[in-house]
Each structure stands twice: as C-alpha cells, then as structure tokens.
Amino acid sequence: MLEVENLTKRYRGLTALDRVNFQIRPGEILGYLGPNGSGKSTTVKIVTGLIDPSDGLVKYNGRPVSEDPVAFKRRMGYVPEEPQLYGHMSATEYLLFVARLRGIGFETAQARAAELLTLFQLHDARHSVISSYSKGMRQRVLLCAALLHDPELLILDEPFSGLDVNAAQLLRSLLHVLAREGKMLLFSSHVLEVVEKVCSRVVILYKGKVVLAESIENLRHSLKPDLEQIFAQVTHQADYSAVAESILAATRR
C-alpha cells in the first residue's frame, strides 16, 4: 500500500501542498485532480523522489520510502506529464537503455521491448529516432518504459496527453487490467470524463489542500452525480458559460 501522510511543500514562504493525505491499496486506481497550480505535479514529484517534502511522509508497505528510495523505485513505474526522451535514440534503443538501468537481462529486455512496441503500435517506427515521433508516439514509448519491469505501483501524470482515440482506448483498457492484477495506480489528470470511467476513488486538490476524497461509487449516488459538476463546486470555478458569453460580446463591441 502507498500512504501519503501530511505531505507539505513550501517554496520560499509559498505553501504548494498543505498536509495532504491519501492511500492507494492494491487493485485501486486513484484519480488525483485539481486546477492548474493546485499541487498535483508537486505531489507526483515528491512521491517519485524527484523533490523532497518540507514535511510529511510517503510510505510504501508501511515503511517510509526515504529509508530505501532505490528499493521503492524498483517497484514503481512513472509516466511524466512531458515526454522528455533522448531524441537521438530509437524506441528500441531507449527501452533497452531503460531495461539496463532496471537490471533486466539483455535477452529478456529485447523480448519485452519488441512485444510492447508491437502492442502499442510502434513496431514500424521502432528503429526511427524518437525526435521524429509525434507527441502521442513519445507518450506510448514512455508507457512502454514504465511497464517494462512489471511495477507494483504505476504513477501516471496526464498519461492521455497526445494520444489518439485508439491509443486512448487501449490505455483505458490497460488501466483496468493492471488494477485487476492488483497493481496500484496514481492517475493525475484533468480529463474528468476519463477519471470517472477508470478510477475507483478520487482526491481533488484546491490551493494545495484536499477538498474532496471519495469513491466514484459514492459520488454517483450524491446529489451531483456528474464529476465535472462536483469538481467545479469544490474548486470554486467561475460560471464559464457566462464568461463565454462575455468573450463573444467583447468581440462585437
């Protein structure tokens, strides 16, 4: 189980995260939501070990990950929001490079890389340099790399960014299969429709604080069964229909 306890992050007096708490159990997909600047990416960076918290703990199976961060990262797969890859490498070369860092034997790595690239519809481009790939293709390479070592915990930061309809449908199906196999998934996204379809629970942040933590099933039985309406309410969004009317009026003055 992944546990986040009182996670806090301050930047020169600015509090980006304020005592955030949540858990992810095996077989769960946790949707992690919030407006831009709410602290989603800060949370992901702390959990993945890219930055340190000011206060609070991240625990994995009851132990603080800071006690053995290398062991924790062996169990974790990560798809960052921006597909930062080595553009001079091909997809095959990149996956073999990642496999070597993960301690996967060469023959096993070759077989897994070839199969994943085929399943993610990258086989024909496997020897082309990544710099020639579209954003969606790069995103699929990142997904292959995150899954290569069969992680117990998968952290996805806007994983649907750039994916076409077919790739997005595949990823939705994959998330369900991973959860069914007992994987833990932290799914940070702004695509509320997808979150509502694939996640078992949601946590919504607003100005660095958790303003809602609930199961999707319970939300469906609430007075506002639409996740978009709930999100707008708890994050104090403006009436965008009125703003849209004002924008149109401004263009006609």
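The values are calculated or read from the model by the stated rules, or taken from the named source; none is laboratory data. What you see is a predicted model, and the numbers here were worked out from it, not measured in a lab. Cβ: placed from backbone, ideal geometry, glycine included. Neighbour counts: every protein chain shown.
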Given the criteria free of Cβ contacts under 8 Å to residues at least 12 places away in the same chain and either surrounded by fewer than 18 Cβ atoms within 10 Å (Cβ to Cβ) or farther than 21 Å from GLU28 by Cβ (or both), does ASP164 qualify?
no
Name the residue, out of LEU50, LEU14, LEU30, LEU7, that is at pLDDT below 90, of a type in the set (A, V, I, L, M) and assigned by TED's automatic domain parsing to the domain that holds VAL194.
LEU14
Would you confirm, using the coordinates I've provided, whether GLY182 is out of contact with any strand residue (DSSP E or B) (no Cβ under 7 Å at 6 or more places or on another chain), in the same structural domain as THR8 (by TED's automatic domain parsing) and either surrounded by fewer than 20 Cβ atoms within 10 Å (Cβ to Cβ) or without any contact (Cβ under 8 Å) to a residue 60 or more places away in the chain (or both)?
yes
Failed item in (1) on the phi > 0 side of the Ramachandran plot; (2) buried (at least 19 other Cβ atoms within 10 Å of the Cβ), with GLY103 passing the rest
(2)
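Okay, residues lined up against (1) assigned to a strand (DSSP E or B); (2) hydroxyl-bearing (Ser, Thr, Tyr); (3) at pLDDT 85 or above:
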site	(1), (2), (3)
LEU142	no, no, yes
ALA146	no, no, yes
ILE155	yes, no, yes
LEU178	no, no, yes
VAL194	no, no, no
VAL210	yes, no, yes
ASN218	no, no, no
HIS236	no, no, no
Taking the range 180-192 as the search range and keeping residues that are farther than 12 Å from LYS40 by Cβ and assigned to a strand (DSSP E or B), which one is farthest from the chain's Cα centre (by Cα)?
MET184
If you go through the range 96-136, how many residues are part of a helix (DSSP H, G or I) and either aromatic (Phe, Trp, Tyr) or touching a strand residue (DSSP E or B) at 6+ places or on another chain (Cβ under 6 Å) (or both)?
2
